[in-house]
Amino acid sequence: MNSKINDSSKISLTIRTMKATLWSGASKFAGLGLQIGIGAFLARLLFPEDFGLIGMVAVFSGIVGLFRELGLGSAIIQKKDATEEHLSSVFFINILAGVILSLVMVILAPEIAYFYNEKRLMNITMVLGTRFFISSFGIVQRTLLTKKLEFKKIAIIEMSSEALAGVLAIFLAFWGMGVWSLVLQTIVSNTISVILLWLWSSWRPSFIFHWSRLKELSRFSLNLLGFSFVNYFSRNLDNLLIGKYLGAASLGFYGKAYSFMLMPIYNISWTMNDTLFPAFSQIQEDIPKIREKYMQITRYISMLTFPLMMGLMVLAPEFIRILYGNKWERSIILLQILCPVGMMQSILTTVGCIFLSQGRTDIQFKWSIFSTVAVTISFLVGIRWDIEGVAIAYCIISFILMFPNFFIAFRLINLPIYKFFRNLLLTLVSAIGMAIIVFGCRMYLKISLQANDVVTFITCFVVGVASYVGLICILGRKLLQEFFELVMHLKNPSKISSEVEFAENS
C-alpha cells in the first residue's frame with residue numbers, strides 16, 4: 001500500500017509541476033509575443049544606437065542586480081522548513097540591499113559614462129538604478145508563489161506589467177522620447193509588477209529580523225550568488241567588449257541577434273527551471289525519480305527548441321527584414337551564427353535545477369569560474385574580427401564547454417552522459433531533417449518563383465511545421481504517446497487527487 005501512496009503522490013507532483021510549467025510557459029510565450037510585437041514597433045520608431053545605449057548600461061546594472069536578493073530567494077525555495085522568521089528577515093535585508101544598490105548605480109553613473117565615453121549614459125544609469133529599490137519590495141512574495149508552484153498568478157502579473165509598460169514605451173517613442181522610452185519602460189514594468197505581487201500574495205512581513213536565520217540560508221545562497229556573478233560576467237562580457245570597442249550601433253545589432261538566441265532559453269528552458277527547482281526540491285532525496293523526470297522534461301524541451309532554432313537559422317533573413325526592416329540586416333548573420341548556441345543552451349541551462357535541488361551550488365560555482373575564463377579568452381580573440389568574430393567565438397566555446405558541464409551535473413543524479421544524448425537523438429534528427437526541407441523550399445521560392453519575404457517566410461513556416469510533425473510521427477511514436485498520456489493526466493487531475501486520498505486512507 002505504501003508503494004501505491006508513493007506512486008500516486010509522485011504522479012500528483014508531476015501533474016502539479018506540469019500544470020505550473022504550462023502556466024509559466026503561457027506567461028513566457030505571451031511575454032515573447034509582447035516582446036516581439038512591442039519590439040517591432042520600437043525598432044521602427046527608434047534606432048540601433050538607442051538599444052545599444054540601454055545595452056551598455058545593462059551590463060553594469062545586471063552585475064549590481066545580482067546582489068538584489070543575495071541568493072536568499074532560492075535558498076527559501078530549497079529549504080523545506082522555512083519559517084516566518086526566515087521570510088521576514090530576508091524581506092528586510094532585501095529592502096536594505098535595494099537601497100544600497102540604487103545608490104551604487106548613482107555613484108557609478110559618471111564612471112560608466114566615462115568608460116564608454118558617452119555622456120548620455122549618466123542620467124540613464126541613475127534613473128535605471130531606481131528599479132533595484134522598487135523591485136526589492138516584491139522578491140519574497142514572488143519567491144513564495146514560486147515555491148507553492150502558483151505560476152498562474154505569476155503569469156498574470158508578468159503579462160500585465162509587460163503589456164502596460166510596453167504600450168507606454170511605444171507612446172513615448174512615437175512622441176520622440178528616443179532612448180528614454182526604453183528607460184521608462186523598465187521602471188514602469190518593475191513598479192506594476194511589485195504592486196500586483198502585493199495584491200496577489202497573502203503573505204505580509206512581520207517586524208522580525210534575525211541574523212541567525214540568514215546565516216542558516218547563507219551556505220546555499222552565497223555559493224549561488226557566486227555562481228550567478230561569474231555566470232553573468234560570462235554571459236555579458238561580449239556586450240561589454242562590443243560596447244567599449246565597437247560602439248553603441250554595433251551593440252544594438254548584436255543585442256538583437258542575441259535576444260533571439262535567448263528566446264528558447266528564456267521562454268522554454270528557464271520556464272522549466274522555474275518549476276523543476278521547487279518540484280525537485282520536494283523530492284531531493286529520490287535520485288531515481290529526479291533522473292527520470294529530468295530526462296522526460298529535457299525531451300519535451302528539445303521537441304520545441306530544436307526545430308525552433310533550426311528553422312530560425314534558415315529563415316533569419318526574412319524574419320529580421322519583416323520584423324525590423326532593412327536597417328537591421330547586419331543582425332541576420334549574427335542570428336544564424338548564434339542559433340545553434342541557443343539550441344544547445346536550451347538544454348544545458350536545465351542542469352541548474354540539478355545543482356540547486358541537490359544543494360550543490362558549491363560545485364556549480366567552481367565550474368562557472370573555469371568556464372568563464374575560457375569564455376573570456378574566446379571573446380578577446382573573437383573581437384579582432386568585429387561582432388561577427390565575437391559571435392563565432394561564442395558558438396565555438398559554448399560547444400566545447402558543453403560536455404564537461406553535463407558530465408559534472410549528471411554525476412549528482414547518476415545519469416550516464418551517453419544515455420542522455422541518446423534521449424535527445426530523435427528530436428535532433430527530426431529538427432535537422434526539417435531544416436533541410438525548409439532550406440530547399442526557401443531556395444525554390446526565392447530563385448524559381450522570385451517570392452517576396454512575407455510569402456517566403458509564411459510558406460516555409462507552414463512547410464517546416466508540417467515536415468517536423470511528420471518526422472516526429474514517423475520516427476517517434478512512443479514519444480508522442482508519452483506526451484499525449486501526460487496531456488490526458490492534465491485534463492483529469494481530480495482522478496489523481498482521489499487516488500492519492502484513497503491510498504492514504506487505506
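The values are calculated or read from the model by the stated rules, or taken from the named source; none is laboratory data. The model shown is predicted, which means the values in this text are computed figures rather than measured ones. Backbone-built Cβ (ideal geometry, glycine too); neighbour counts: all protein chains shown.
Exactly one residue out of VAL59, VAL99, VAL64 is part of a helix (DSSP H, G or I), among the β-branched types (Val, Ile, Thr), in contact with a helix residue (DSSP H, G or I) (Cβ under 8 Å, 6 or more places away or on another chain) and modelled with pLDDT of 80 or more: that is VAL99. For residues in segment 74-96 being surrounded by fewer than 16 Cβ atoms within 10 Å (Cβ to Cβ) and at pLDDT below 80, which is farthest from PHE209 (Cα to Cα)? Only one residue fits best here, namely LYS80.
Contact annotation: no residue pair with Cβ atoms under 8 Å, 6 or more positions apart or on different chains, pairs a residue in segment 454-468 that is within 11 Å of PHE319 (Cβ to Cβ) and of a type in the set (Gly, Ala, Ser) with a partner that is crowded, with 20+ Cβ neighbours inside 10 Å and at pLDDT below 90. When we screen VAL438, VAL429, VAL469, VAL462 for residues that are over 19 Å from ILE301 (Cβ atoms), among the β-branched types (Val, Ile, Thr) and surrounded by fewer than 16 Cβ atoms within 10 Å (Cβ to Cβ), the only hit is VAL462. Taken over segment 112-130, residues that are free of Cβ contacts under 8 Å to residues at least 60 places away in the same chain and either surrounded by 23 or more Cβ atoms within 10 Å (Cβ to Cβ) or not in a helix (DSSP H, G or I) (or both) amount to 2. Scanning segment 310-345 for residues that are in contact with a Leu (Cβ under 8 Å, 6 or more places away or on another chain), among the small types (Gly, Ala, Ser) and closer than 25 Å to PHE403 by Cα yields a single hit, GLY342.
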